[in-house]
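Colleague: One structure is given below, represented as structure tokens, and several questions about it will come after.
The values are calculated or read from the model by the stated rules, or taken from the named source; none is laboratory data. Bear in mind that the values here come from a model prediction, so they are computed numbers and not experimental data. Please note: Cβ atoms are built from the backbone with ideal geometry, for glycine as well, and neighbour counts cover all protein chains shown.
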Amino acid sequence: MPIKAVLFDMFDTLMLINKDHAFYSPAVKSMHQFLYDNGIPVTFAPFRDAYIKARDQLYEDADLKMEEPHFDMRVKNALKSLGYVKESESSLVHDATEVFCREFMRYVSIDEAAADALEKLHGTYRLGLVSNFAIPECVYKLLEQEQLDRFFDTIIVSAAVNKRKPNPDIFQLALERLGLTATETVFVGDTVDADVMGPQRVGMKTVYIERRPQKDLQHHNPDVTIKSLTELSEAIQKL
């Protein structure tokens, strides 16, 4: 059956997270400073520890079900554990998440071949994006900032639907929105479990973009492997 749609992963596929994910510490520090300036008089170390504990507890449960709680839940639970119950129910939580997002965005850059690759596919195929990320609003802002949102017929971010790749439900949701079957769709991504194994399990073909060595790749062969988005259009034509 001919390919009618192409679904993309976001980070390290279309957009690159720079400096080996060095954003995390400054993003948490920025978030703490915002909360401190807005009436949460906790020093950084206790806040950081409460945040990490809240994050890890959320994912201990969510990972088993391949779910994605919104980032707000981390902040909310951290504030509660520090004794700020009232504040955890306020708009302060989402505002702190936005501060984290703004800092994170400083470490993200568009792949230089992304816009051209999407332009070549747009109009020939239906295009969609399926991304794992705890702050959906951050993904939307980045796509709009780089003017990539105009290419996509559907954009699904894990924390907006509480399902994360490789959960089959998130891929099925994308197919439902496109009105297509898995055999008519190819998934493009850089991670073996989320972007190769997950799509293959629901019947999609896969294009793996090789950003870094992954030992599981030899056990879960993608249909095509590329090293650059400049190779994508030709790779899809061969499927």
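Colleague: Condition test on ALA160, is it over 30 Å from LEU175 (Cβ atoms) and either over 19 Å from the mean Cα position of the chain (by Cα) or assigned by TED's automatic domain parsing to the domain that holds GLU184 (or both)?
Modeller: So ALA160 fails the test.
Colleague: Something else: Could you list, in sequence order, the residues of the stretch 180-239 that are acidic (Asp, Glu) and more than 11 Å from VAL6 (Cβ to Cβ)?
Modeller: Going through the stretch 180-239, the residues acidic (Asp, Glu) turn out to be 184, 190, 193, 195, 210, 216, 223, 231, 234.
Within the stretch 180-239, ASP190, ASP193, ASP195, GLU210, ASP216, ASP223, GLU231, GLU234 meet the criteria.
Colleague: Using the structure shown, decide if HIS94 is outside the structural domain of LEU143 (by TED's automatic domain parsing) and either touching a Phe, Trp or Tyr at 6+ places or on another chain (Cβ under 7 Å) or β-branched (Val, Ile, Thr) (or both).
Modeller: Here the answer is no, as HIS94 does not meet what is asked.
Colleague: Mind telling me which of the residues GLU103, GLU60 ends up being touching a residue at least 24 places away in the same chain (Cβ under 8 Å) and in a helix (DSSP H, G or I)? Walk me through how you get there before you give the answer.
Modeller: Numbers: GLU60 fails: touching a residue at least 24 places away in the same chain (Cβ under 8 Å).
Selected residue: GLU103, the only one of GLU103, GLU60 that is touching a residue at least 24 places away in the same chain (Cβ under 8 Å) and in a helix (DSSP H, G or I).
Colleague: Taking LYS19 as meeting all but one of (1) touching a residue at least 24 places away in the same chain (Cβ under 8 Å); (2) in contact with a helix residue (DSSP H, G or I) (Cβ under 9 Å, 6 or more places away or on another chain); (3) surrounded by fewer than 19 Cβ atoms within 10 Å (Cβ to Cβ), write down the number of the exception.
Modeller: (2)
Colleague: With respect to the numbered conditions (1) among the basic types (Lys, Arg); (2) within 30 Å of GLN33 (Cβ to Cβ); (3) without any contact (Cβ under 8 Å) to a residue 40 or more places away in the chain, which one is the sole condition not fulfilled by LYS141?
Modeller: (3)
Colleague: What number of residues within the stretch 135-153 satisfy the criterion of being buried (at least 16 other Cβ atoms within 10 Å of the Cβ) and at positive phi?
Modeller: Within the stretch 135-153, residues that are buried (at least 16 other Cβ atoms within 10 Å of the Cβ) and at positive phi number 0.
Colleague: Right, next: Out of all the residues in the stretch 154-177, is one or more touching a helix residue (DSSP H, G or I) at 6+ places or on another chain (Cβ under 6 Å) and either surrounded by fewer than 16 Cβ atoms within 10 Å (Cβ to Cβ) or polar (S, T, N, Q) (or both)?
Modeller: Within the stretch 154-177, one or more residues are touching a helix residue (DSSP H, G or I) at 6+ places or on another chain (Cβ under 6 Å) and either surrounded by fewer than 16 Cβ atoms within 10 Å (Cβ to Cβ) or polar (S, T, N, Q) (or both).
Colleague: Take the residues in the stretch 81-121 that are over 19 Å from the mean Cα position of the chain (by Cα) and hydroxyl-bearing (Ser, Thr, Tyr); name whichever of them is surrounded by the fewest Cβ atoms within 10 Å (Cβ to Cβ).
Modeller: The selected residue is SER91.
Colleague: Just to check your reading of the model, which residue among PRO2, PRO46 is loosely packed, with under 14 Cβ neighbours inside 10 Å and more than 29 Å from PRO199 (Cβ to Cβ)?
Modeller: Numbers: PRO2 fails: more than 29 Å from PRO199 (Cβ to Cβ).
Going through PRO2, PRO46 in turn, just one is loosely packed, with under 14 Cβ neighbours inside 10 Å and more than 29 Å from PRO199 (Cβ to Cβ): PRO46.
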